[in-house]
1. Filter region 460-495 down to the residues that are open to solvent by 30 Å² or more (accessible area, probe 1.4 Å) and more than 17 Å from GLU263 (Cβ to Cβ) and list them by number.
2. Evaluate region 161-184: report whether one residue or more is in a helix (DSSP H, G or I) and either more than 25 Å from TRP448 (Cβ to Cβ) or in contact (Cβ under 8 Å) with a residue 40 or more places away in the chain (or both).
3. How many residues are open to solvent by 50 Å² or more (accessible area, probe 1.4 Å), polar (S, T, N, Q) and over 23 Å from HIS380 (Cβ atoms) when one looks only at region 311-338?
4. Quick check, is TYR123 buried (at least 19 other Cβ atoms within 10 Å of the Cβ) and among the aromatic types (Phe, Trp, Tyr)?
5. Can you tell me which residue is farthest from ASN294 (Cα to Cα) among those in region 237-246 that are open to solvent by less than 10 Å² (accessible area, probe 1.4 Å) and out of contact with any strand residue (DSSP E or B) (no Cβ under 6 Å at 6 or more places or on another chain)?
6. ALA156 versus (1) modelled with pLDDT under 95; (2) closer than 20 Å to MET356 by Cα; (3) touching a strand residue (DSSP E or B) at 6+ places or on another chain (Cβ under 6 Å): which is the lone unmet condition?
7. For region 150-191, which residues satisfy the criterion of being of a type in the set (Lys, Arg) and touching a Cys at 6+ places or on another chain (Cβ under 9 Å)?
8. Please identify the pairs in which a residue from region 299-326 that is closer than 21 Å to ILE283 by Cα and without any contact (Cβ under 8 Å) to a residue 60 or more places away in the chain has its Cβ atom under 6 Å from the Cβ atom of a residue that is of a type outside the set (Phe, Trp, Tyr) and assigned to a helix (DSSP H, G or I), counting only partners at least 6 apart or on another chain.
Amino acid sequence: MTKTWKKIVASLLAAMLLTASFAACGGDDPVQAENGSSGENTSNVEAEAGDTAQDDGELVHMVVWSNGDANTEDCEEVSAAITEITSEKIGVEVEVMRGLDAEKMNLALTSGEQVDLMNFSSYTGGISALVSAGMATPLDDLVEEYGQETLALIPAEDLECGKIDGVLYSIPSLKDTARAAGFAMRMDILDELGIDPATIETYDDVHDVLVKVHEAYPDMYPLVPSWGGGGMQEIIPFDNLGDKLGVLEDCNSDSTTVVNLYETDSYRELCERMYQWNQEGLIMPDATTTTENNLLSTVGFCDYENIKPGKALEMQKSYGKEFALIQITDPYKYTEITGGSSFFIPSSSERPDKAMQLWNLMFTDPEVSNLFVNGIEGKHWIYTDDSHTFITTPEGVDSTSSGYSCVDWSWPNPRITPVWEGGDPDLWEQYQTFTEGAVASPALGFQWDSTTVMNQVTACNNVVSKYDTALRWGVLDPAESLPEFIEALKSAGIDDIVAEKQAQLDQWLENRQ
């Protein structure tokens, strides 16, 4: 790329970023914000055209914010260790922040707080909503110049999950980019009851185990929520097409017909099954109202789970117990699963060029990735032996006291980090095989824009919040409440949403041909 062309690209991107920043703070027209407008921002132009040498030897400060708990002091120590590497390689000093949630993210983005790389998994509406609000930086030119090593790692179909109208705004992380659905059961209880988890394959098998647990351990809840407020890992293998208000019912099918999830046989059968189990006393009575997020470590035996390689070890680290995973569906993938827990460069970043260089290192440099994912050797983790195959926590430290939690899925590339003790030495190869074998939804890469039906979306979400959780946990009788639910959704405009989503999906499919 010539210097003249770099300056042209820099000027165009600077104009885009300026408009996006105004949109983030003042709510400009989303179309205008996305396409850019005329204007000049000298500092951004210089930043885009510049390199480390043009920073006069000063390190560029980069803020990276992701999920998971960590103490401030530990984040500072991790930041310093990463900076030792990045200062030499790309002229950047790094500030690591953790504990990201939707509320903090909204506040940071709307206030223009400096954040240069941010995980958007907690943001309602995902990358599509961020782009509509003018809060995300276009990446195509940045990746072309600074991210070729990263691009070589990402399958082409997965990369589509980070694009809006053909423009790249996010790069899917190399995590569990597919999922299977099923249950997690406490291994100690299965052992005490003499139950081989390999014999549990169907819902009927699960039911029989829950009955035995209920009889043998009357003080234990056989089935509990995955998290507070009736949280449930999804068991129906549908493509939610962005918000569950209009879905493809089965990712294993090649059908591209958008339907109302809550009118499907799959949803009705789930509700009927859960109502039966509730009537039999197999479900925690206050499943929909509990605020507890760690029920499997206390009063619960089983919950719905997202199944993937290494999940049992991940749960053991979180709950302090061993679990058997019961897989009910085959692996599948859709846009939110493949690209929904990734990073983006906020439009408020003053140095997106440096952010992209850092992002590239997070994908490709094992030492940098390991620091982000696992923290400091000797403090947060140690090798188990001289082979450096596995790591574990140092003596006197566990997952609850390390000060820097390992939430590997929240970082760009955990597959180049060490495997935690108890996992398989070929865990990351298993990830690759698992994702390569997953069935891709025919809408993989589709991004839903709800702008034209926002009132209906709001109204329908209010209806869903009234009925869905109670139906899923068997609190309401589906014979009576499901027809009420469907009728309320229709009154709120669900059919308008389904029609608009179908039109957008049809157009997206046509454009791909």
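The values are calculated or read from the model by the stated rules, or taken from the named source; none is laboratory data. Computed from a prediction, not measured in an experiment: that's the story for all the values here. Cβ placement follows ideal geometry from the backbone for every residue including glycine, while neighbour counts extend to all protein chains displayed. Keep in mind that these areas ignore ligands, DNA and RNA; they rest on the heavy atoms of the full protein, side chains included. Shrake-Rupley method; radii C 1.70, N 1.55, O 1.52, S 1.80 Å.
1. Matches in region 460-495: ASN462, SER465, THR469, VAL475, ASP477.
2. Here is the first cut: in region 161-184, the ones in a helix (DSSP H, G or I) are 161-162.
Okay, now just the ones that are also either more than 25 Å from TRP448 (Cβ to Cβ) or in contact (Cβ under 8 Å) with a residue 40 or more places away in the chain (or both), so 161-162.
For region 161-184, residues in a helix (DSSP H, G or I) and either more than 25 Å from TRP448 (Cβ to Cβ) or in contact (Cβ under 8 Å) with a residue 40 or more places away in the chain (or both): present.
3. 1
4. For TYR123, the condition - buried (at least 19 other Cβ atoms within 10 Å of the Cβ) and among the aromatic types (Phe, Trp, Tyr) - is met.
5. GLY246
6. Result: ALA156 passes all but (3).
7. Across region 150-191, the qualifying residue is only ARG186.
8. What qualifies is TYR319/LEU296; TYR319/SER297.
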